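Below: one structure, written as structure tokens.
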Amino acid sequence: LFMDRLNQALAETRPEDVDPELKEKMEKGEIISGPELYEEVKSESLFSKVAAKLELQPSAVLTPLESVASEYQEGRWGKTIGVFTEILQEFVDVEAPFAGRTYDEGLRRVRGKSPDINAASAVVLAHAALKRRTELVKSILGQLQTLPQRCNVPSNKVFPKEFQKVLRQLAGLRGRAYGELALISSNLLQEQTGKPFDTRLGELRAALLGKSGLSKIWAPGSALPSDLEGLVDSPSLSVDLLPTLFDDSEREVRDKALEVAVRREYRAHHIDGLEVQPLGEDGAESVVMWKSQFKDIARGKAPQRLGMLVVAENVEQMKDRMGEVLALYEKHSKESQQPEMEQPVNVLHFALMSASSADIGDRAGTSSTVRGNLLIQIEELFNSYADQLRQLNVRAVNTLVRLDKRPPLFYSFPECNDYNEEAMRRNMRPSQWHLLEIPRLSNYDLSRIPTINRDLYIYIGDSKKPASKRSRTQRLFFREATYTTDFLSGDGCDRILNKALDAVELAERDPRVQTSSPSSIFVNILPALGEHKLATAETVKNVLSKYISRNASRLLELRIDEIEIKACTVADGEPAAIRVIASSRSGQRLRIEYFEEFPDPVNGMAKHFCTMDEADGDAGEVVEGDSRMVEGAVCFLEPYSVSSDVELKRATARRVGTTYAYDFLGLFDKALIHVWDAFLSSGAAGDQGLPSELFKADELVMNDEGVLEKVERPPGMNRIAMLAWEMTMRTPEAPEGRQVVLIASDVSVKSGSFGVEEDDFFYAASRYAAENGMPRIYIACNSGARIGLVESLKPLIKVAWNK
């Protein structure tokens, strides 16, 4: 393409006007690229020669050549990125009027922007082909990962500003149709913001050798050189770069890289006796051995686990060394005097230093369904040693595959799957499976949505069984395990949960996500947040409650129906786990409760969690073998259930673009918390404290005599499309409480339409408010009058149908 353009430019110039020196270089093949031509055209000697010969301004003669030189001055990379920029910009220009808007509104914007009817028609016709054009753009974005290598430029080559600008525009397109493009563009931009790969690798290497420290932003001061604990805990450590140093030529570097990698992966464990040894006759590879126990289970109550990490150059070497590795593992087990186990608890890790793209498969690294040749070979190897692995109590074999200047791939082969790969664990760090409590999602078929931050996990869950006669239901699950220590102070809670909301918002653009699907957020905070269980649970509840009140609108917009915070406390060396849950499943909007948790000593996941005794924060006498459980305490743990009747009604309201009537009560409650928080923070409260009960709502139901009375019943039990409550709200202006009658249409019942019964109920609720001197609020969302006959007349009408 370059040579065609160059010949075309030369054809526009008379042969005698071409400088002989330039012509000679071209004939000898010394100018075969854009950068070479650019240097020649810009050389002053060439300009002066041509100008003197033709007695013309150089620009007049060299304009055709300058055009080609400028176009190709950065070679294939610059030209390709330039073409991609033009294509993507045209896509953005076409879709911007329609993104996040109705089709009719988009048409109006297109027509207002372009008075030329032909130009406007071209835009509309292009938008009509959105699906095919999206596939083209996805194909272009997919090529960017390997484009530097194909263009012979450094792999960390930075995109030009114009291209970054169009990527930001793509990432900002609103609407489900653009969700995948927005996510891919956001990921590409994220990769561009960091330091170059070689720079980060050099910094990591220097830190491992003790020549420099890392910024210790998670605590006062900084990690000193040779501070191994600081490297393990550092949030700024380039953890994905550690495998690059597993086979470093300098033994100290590779040994420390391996130790930091293991300790960092198992930060939720007490690690004892970690040792790095050479492997093989030449000692070129290394093996790491250690013992561990869960931190959130008291020592002595959880089994001791054995772990091993083996570095191998490739899968062939892995096969050759398998017998030697298992013999070493057996020796490690005997020396550790590990007792007999009813269930396997040990782990074995392999780190492969090289693998070809052909063996991995084009999409095997990201898709949970594609299986490359490498994966098949590894699986066959583990299958052939399955009996020996079981004898060694190996619970899972995990394999890391290092890639060139890219994050590594992870594959897991658990014993419960007969050492076959567990697709749902692909590219999940080995310890994350239990920390994120993925088995609790067993009622759903899961599909993982890619995220910008690889430590965040979002799944689309489609219920395995229909929740109603009509269809299966869907839910988004956000999961994160974090080592933050400031959740209860500063902006820790806001930072963590806002990050979750941002990820959910981006995930909702995925075309597979239904517009009415609710979302659940789960955050596992691993460092201890305090000592006393009840006090810590109360503090987490208060922090979460204030966050919900400040962000009620966004939580509602994103359909966040559940937030779970799992945390732990340590008192006198005894760990305890707590769980604070804000849930809308029972009907009330994000109602907050807290529980004490009892983890399984084998897998570390919760067996059950129980309500706490507020007298001492303990759960007390011996029940079901646990000394902390109180007789009479409410205990439960089951997989996330498919949608309840209330959730189905809530989904019905969301499908028509409104809010379920019962959820308004929670919004009033959260708004009151926000008002009081602002009032108390302002200093105007004086000695006035926060009332013990800010909000109360008594549902009003019409009895058989047509009189309203206060009742307690579960949400969603109404059979007519109208609801009412007497609310008591304690505000800073009226701390003793003021009463208000709230009437709301229930769009989940007969589309919220008005019939005779609804009309009678609305009148009765309005009279109740007037007679008791209470303000009346009516939230209307209905389809108008119900057209049809009175139900009691239908059986009396006889109709003879002709057809």
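The values are calculated or read from the model by the stated rules, or taken from the named source; none is laboratory data. Keep in mind that this is a model prediction, so the values were computed, not measured. Here Cβ is always computed from backbone atoms with ideal geometry, including for glycine, and neighbour counts include all displayed protein chains. The accessibility values were calculated without ligands, DNA or RNA, using every heavy atom of the protein model including side chains. Shrake-Rupley method; radii C 1.70, N 1.55, O 1.52, S 1.80 Å.
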Using modelled backbone amide H atoms (1.01 Å from N, in-plane), which distant-in-sequence or interchain residues come within less than 5 Å of His608's amide H?
Phe598
Among region 645-661, those whose backbone N falls under 17 Å of a label point 7 Å along Cα→Cβ from Glu757 are none
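To the nearest 0.05, how large is the calculated FRET efficiency for Glu693 and Glu593 if R₀ is 22 Å and r is the Cβ-Cβ distance?
Once rounded, the FRET efficiency stands at 0.90.
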Here D for region 648-734, in µm²/s, from Stokes-Einstein with a Kirkwood Rh over Cα pairs at 4 °C and 1.567 mPa s, works out to 84
List, in order, the whole-Hz ³J(HN,Hα) value for each residue of region 325-336 obtained from phi through the Karplus relation with A = 6.51, B = -1.76, C = 1.60 and θ = phi - 60°; use x for Gly and Pro.
5, 5, 5, 5, 5, 4, 5, 4, 5, 5, 5, 7
Please list, in chain and number order, the residues 5+ apart from Ile578 or on another chain whose amide H is under 5 Å from its amide H, with Hs placed from the backbone.
Ala567, Cys568, Thr569, Glu597
What length, rounded to one decimal in nm, is gained on full extension from Lys405 through to Glu538, with 0.36 nm per residue of separation minus their alpha-carbon distance?
43.3 nm
FRET efficiency, 1/(1 + (r/R0)^6) with R0 51 Å, evaluated for Gln388 and Glu86 via beta carbons:
0.30
Rank-order 645-652, 203-210 by packing density, defined as the average count of other C-beta atoms within 10 Å over each peptide's residues, highest first.
645-652, 203-210
Do the alpha carbons of any pairs in Lys301/Lys607; Lys295/Lys499; Lys138/Lys165; Lys696/Lys750; Lys295/Lys319 sit beyond 23 Å of each other, and which pairs?
Lys295/Lys499; Lys696/Lys750; Lys295/Lys319
Tail beyond 17 Å, pair distance distribution of region 494-612 (Cα, percent):
58
Backbone HN-Hα couplings from phi across region 658-663 [Karplus 6.51/-1.76/1.60, Hz, Gly and Pro as x]:
9, 10, 5, 4, 5, 5
Label Met341 and Glu557 with points 7 Å out from Cα along Cα→Cβ: what is the distance between them in nm?
4.8
Here FRET efficiency (C-beta to C-beta, Asp502 to Val799, R₀ 51 Å, nearest 0.05) is 0.30
Taking the simple approach of a point 7 Å from Cα along Cα-to-Cβ for both His270 and Glu733, what is their distance in nm?
5.8
Per 0.36 nm of contour for each residue apart, how much would the distance between Ala764 and Asp445 grow if the chain were fully extended, relative to their Cα-Cα spacing?
110.2 nm
Which of the peptides 687-694, 472-479, 550-557 is most tightly packed, and how do the rest follow, going by the mean number of other Cβ atoms within 10 Å of each residue?
472-479, 550-557, 687-694
For region 139-162 and region 475-516, what is the separation of their C-alpha centers, rounded to whole Å?
30
Once you order the gyration tensor axes a ≥ b ≥ c over the Cα atoms, which shape class does region 127-197 get: rounded for a/c under 1.5, otherwise prolate or oblate by comparing a/b with b/c?
prolate
Could you list the residues of region 373-409 with an amide nitrogen less than 17 Å from a label point located 7 Å from the Cα of Glu330 in the Cα-to-C-beta direction?
384-394
With every protein chain kept in place and ligands, DNA and RNA left out, what is the accessible area per residue of region 630-768? Probe 1.4 Å, answer in Å².
49
Sorted on mean Cβ neighbours within 10 Å (highest first), peptides 340-347, 542-549 come out as 542-549, 340-347
Inter-label distance for Glu105 and Gln149, nm, one decimal - labels placed 7 Å from Cα along Cα-to-Cβ:
4.4
Net charge contributed by nearby residues that have their C-beta within less than 13 Å of Lys131 (K/R +1, D/E -1)
+1
Can you list residues whose amide H is under 5 Å from Ser753's amide H, if they're 5+ apart or on another chain and H is modeled 1.01 Å from N?
Ser783
When the Cα centres of region 400-444 and region 243-263 are compared, how far apart do they sit, in Å?
23
Can you give the Rg and Dmax of region 400-495 based on its C-alpha atoms, in angstrom?
16.3, 51
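Let me check I've understood the local charge: for His269, count other residues with C-beta under 13 angstrom from its C-beta, Lys and Arg +1, Asp and Glu -1. What total comes out?
Neighbour charge sum, excluding His269 itself: +4.
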